[in-house]
Structures are given as C-alpha cells and as structure tokens.
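Reading through the structure tokens given below for one structure.
The values are calculated or read from the model by the stated rules, or taken from the named source; none is laboratory data. Source: prediction; values computed, not measured. Every residue, glycine among them, receives a Cβ derived from its backbone with ideal geometry; neighbour counts consider all protein chains shown. All accessible areas refer to the heavy atoms of the entire protein, side chains included, with ligands and DNA or RNA removed. Shrake-Rupley method; radii C 1.70, N 1.55, O 1.52, S 1.80 Å.
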Amino acid sequence: MLSIAQIDHRFVQSIFCFCGISRSICSTSNGFIDGFQRIEKYLIDYRKSSNCNTVSDENQEEESLDSVGTSGRYEEEEEEEEHHQQNVFNRSSFLRNTKNAAAMALKVLQQDGPGFDARSALDNLEIQVSGLLVREVLIGILKNINQANRERCVKLGYKFFIWSGQKQNYNHTVNTYHLIMQIFAESQEYKAMWRLLDEMTEKGYPVTSRTFNIFICSCGEAGIAKKVVERFIKSNSFNFRPFKHSFNAILHSLHAIKHYNLIEWVYQQMLADGRQPDTLTYNIIMYAKYRLGRLDQFHSLFDEMGRNGFPPDLHTFNILLHIYGRANKPAEAVVHLSMMKEAGIEPNVLHFTNLIDALSRAGNMDACKYFFDLMVEQGCEPDVVAYTVMINAHIAGGQFEKAEEMFSDMFDNGKIPNVYTYNTMIRGLCMAGKFEYACLMLKEMESRGCNPNFLVYKTLVSFLKNAGKVFEANEVIKGMVEKGQYGHLLKRIKKYKRC
C-alpha cells in the first residue's frame, strides 16, 4: 500500500509541474487563474485523501499523529510548488519582455541613417541588455540579409554589437561573437571577421570548432581556405572539444562542407606533425578518398585502420554500405550487414536508408525493396527519411503508382511527410503529367502545417512552365508572394525552367 501511495504522490507532483508550466504559458485572464486554482485545490485534496486511505482503520490513532507531520510536509511541498510556479512565470515574463525589447531595438536600427542617432535612440528605449536580447537582435538581422541590403545589415549589426558590449553588467559571449561573424560572413566582410577573431583571442575567449566552421564556410569561397586552416592549426587558443585534437575538428568541419581535396592536405599536415589517426580520422579520410574516386586508397586505409587496432564502427560500416550500394553490389552489402552484427553493432535505420539510397542511384529497385523489407523484419522502424528515399527511388524508376502507395503507407504508419517528401511527390506528379494534383499537393502540405521551401516552389513552377502552363505557374508564384515568402528570390524563380 505504501508503494501505491508513493506512486500516487509522484503522479500528482508531475501534474503540479505540468500545470505550473501551463499557467505561465496560457493564463491570460483572472477567470482562467481562478479555474486553475480550483483544479489545484482538487489535486491537493486528492493527494491528502489518497494518503489517508493507505492507513488502515485499526491504526487511526497513529494516523492522527502522523497527520501532524504530514500536513507540515504538504505545506512545505505547496510552498516549493508555488516557488517553482513563480520561477516559471518569471522566466516566461522575461522571455516575452526580451522578445518585445528585441523587436523595438530592431525597429530603431531600421531607422538608422543620416540625421538619426541610433545609439541615442537605443539608450532612450531603456531596455535591459542580456545575452538573449543580443542574440534575438543579431539573429533578426541575420535572417533579413540579402544581396541588396547586406552592407547595411553589417553596419547595423556591428553598431548594435558595439552598443550592447559597452553596457554595464553585460559581456559578449562566444556565441555572440559567432553571430556577428556570421553576419560578416554573409556579407563577405572577411577582414572584419579576422579582426573579430583577434579580438576574441585577446579577450581570452576560446576559439572553437564552431568558429573554424564559420570561417571555412565563408573564406573557402574566397579561395583562402588553406590560409584559414593553417592559422587555426597554429593557433594556441583553438579549443577543439569534443574532438581528440584540432586536426580532427578541422577534418570534421571540412567533411561537412565537402572540401575533400583540402581534407587530404590537412591529413598530410597531421601526419607530418606526428599526430596519429583514430577511428574518426580514418572515417573522414576514407570517405574523402571515396568521394575523390580513389577507391584503391580507400581500401588501403581500411586495412591500415584494422592493423592499427581501430575496428570499424557504425560510421565505417555506413560508408562501406554506401559504396557497395553505389557500385550495385547488394550481395557484398548483405555480407557487411552480417559483419556488423558479428562485431556487436546492430544495423539501424540510418544504415538501411543510406544503402537503399545508394542502390536507387544505381538503378536497382529490386534491391531497394529487399533491404527496405529486411529493415522492417529486423525491427528497424522506417522513419520519414527512409520513406522519402524509397518514394524518390520509385519515381526515379518510373514507378509512380508504387511511390503513391509508399506515400500512403507513411500516413498509415503514423509518419508525417516533411518538406522534402512533398517536394519529391510534387516532382513525381509533374513528371507523370498530373499538374493539377501537384498544385493540390502544394495546398495539402500547407494545410498540414508543412511550409513549402523555395525548392518546392522552384520544382512546381519550373515543371509548369516547361509544360507551357504559364498561367498556373504564375498563380503559384502569386501565392508564394502573397504569403510573404521568398520575395527577394522572385526574379530567380520567374526565370526557372525545368532542370
């Protein structure tokens, strides 16, 4: 009986926690709060009564003595709960006020120009400067950068960055520096980025792999990627957690942006520095070798990895399965799936999806279907990505009816299509000449709360135009503009033809 009472007690506490959060988010009128208090009272009474019922009638005297201590404990718990609820309310109020303050600051910054002193106007707002406020404002500027306004956005972002950094009881964080660096990167202000990096170093901020990633993604396009890498390798302040050493952090970032030639160069620098590769290093280098078409070197590295005492992990097998899929070698893929299990690594949905995607690119639909069914048989529940890959494979193979069946199966199995699934289906419908249904699917995804991205609009408009359905294409563009989406890309989408 005691255990049951404890379960009830924990259950009611969890309801209290939920209701406390609900109050802070939802309460907008006194009537709602009064109603909530009535629910609270009911739960308190329920908890007391449930505890009383656990005591037998034969021990009523002990019950009355215990109730003194119990009621005190209830009062303490109620006070703690009230304190917790107040904290939740305060936090909700702080977030709301900060967002409002950020909106006001952005409005002031937008007025900046000749004859307008933005800094004085910001001071007059008398807003509380915090890390969250600075983040909200900088993200707001970052989201609105485009080709036409990027120079102005840089000036506004940096002006706010300087203004906020001069306020008492506030210091910029590494994340704040990263945001202003991204604004500079979007605007191709590379020298300013380097100055910010020097400032971070001088102030003792850690230069992380995130910092490197911002630089390499922007400066790589400017043709100075090697100089960026060299500087980070030599930097004593480069904080490369959670990686084993800075070379792995750099290799991981280069892998993310598909800079495979530079990966090879960094690897040679790493060996020259006396650093020994580990499993992560081998995985990245092997994948780079594969992407560069150097499969002989790939297999040599795989053998070297084993000799040096690094057994393949789930990422290694993922690379191998992808390679055998692209080479249309399903039998070898089956062998490596067995090897995974022998090594104590259970194949997951990622491995199967990656393999199916590779086989579909090789045009082997029978193998795709085999491994999809095998995935289900082995207890790996297909996710949205797995379904999308299979739908795309059917469309690529001209099997549109099967793609529709797979799309329907997604809903039957409780999987909600994402924007990439819808884009795949819209492309398939257009390829099948079912333009009316393609336009209806655009409306369906919107009704389901899945907002179309620019790729969806581009796919539909380009196919419609290619089929001579200019009026329908313009209607899609009109709907996109009316929703206030991708207006800055209007000129581009009007020029699109089917790829």
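Here are some notes:
Each row is one residue, and each column tells you yes or no for (1) without any contact (Cβ under 8 Å) to a residue 40 or more places away in the chain; (2) open to solvent by less than 50 Å² (accessible area, probe 1.4 Å); (3) under 21 Å from Leu355 (Cα atoms).
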{"residue": "Glu381", "(1), (2), (3)": "yes, no, yes"}
{"residue": "Val384", "(1), (2), (3)": "yes, yes, yes"}
{"residue": "Glu404", "(1), (2), (3)": "yes, no, no"}
{"residue": "Glu436", "(1), (2), (3)": "yes, no, no"}
{"residue": "Glu444", "(1), (2), (3)": "yes, no, no"}
{"residue": "Ser447", "(1), (2), (3)": "yes, no, no"}
{"residue": "Asn453", "(1), (2), (3)": "yes, yes, no"}
{"residue": "Thr459", "(1), (2), (3)": "yes, yes, no"}
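- Index of the failed condition, Gln168 passing every other in (1) in contact with a strand residue (DSSP E or B) (Cβ under 8 Å, 6 or more places away or on another chain); (2) part of a loop (DSSP other than H, G, I, E, B); (3) closer than 30 Å to Gln128 by Cβ: (1)
- Residues of the stretch 386-402 satisfying the condition of being open to solvent by 70 Å² or more (accessible area, probe 1.4 Å) and in contact with a Ser or Thr (Cβ under 9 Å, 6 or more places away or on another chain): Ala396
- Pairs meeting the criteria (first residue in the stretch 281-310 and touching a residue at least 12 places away in the same chain (Cβ under 8 Å), second residue among the basic types (Lys, Arg), beta carbons under 7 Å, at least 6 apart or on different chains) are Phe298/Lys289; Leu301/Lys289.
- For Asn175: the one exception among (1) assigned to a helix (DSSP H, G or I); (2) at pLDDT 90 or above; (3) of a type outside the set (Val, Ile, Thr); (4) surrounded by 16 or more Cβ atoms within 10 Å (Cβ to Cβ): (4)
- Ile233 aliphatic (A, V, I, L, M), closer than 17 Å to Gln276 by Cβ and part of a helix (DSSP H, G or I): yes
- In the stretch 217-225, the condition of being touching a His at 6+ places or on another chain (Cβ under 9 Å), in a helix (DSSP H, G or I) and crowded, with 17+ Cβ neighbours inside 10 Å is met by at least one residue.
- Unique match (being at pLDDT below 90, closer than 21 Å to Asp313 by Cα and among the basic types (Lys, Arg)) among Arg241, Arg231: Arg241
- Tallying residues that are touching a residue at least 12 places away in the same chain (Cβ under 8 Å), open to solvent by less than 50 Å² (accessible area, probe 1.4 Å) and not acidic (Asp, Glu) within the stretch 94-124 yields 10.
- Any hit, the stretch 426-433, residues being under 22 Å from Ala467 (Cα atoms), open to solvent by 60 Å² or more (accessible area, probe 1.4 Å) and either among the aliphatic types (A, V, I, L, M) or part of a helix (DSSP H, G or I) (or both): yes
- When restricted to residues that are of a type in the set (Ser, Thr, Tyr) and in contact with a strand residue (DSSP E or B) (Cβ under 7 Å, 6 or more places away or on another chain), the stretch 233-278 contains 3.
- Candidate set from the stretch 283-304 (those that are under 31 Å from the mean Cα position of the chain (by Cα) and outside any helix (DSSP H, G or I)); member that is surrounded by the fewest Cβ atoms within 10 Å (Cβ to Cβ): Gly293
- Some residue of the stretch 318-328 being at negative phi and either outside any helix (DSSP H, G or I) or among the small types (Gly, Ala, Ser) (or both): yes
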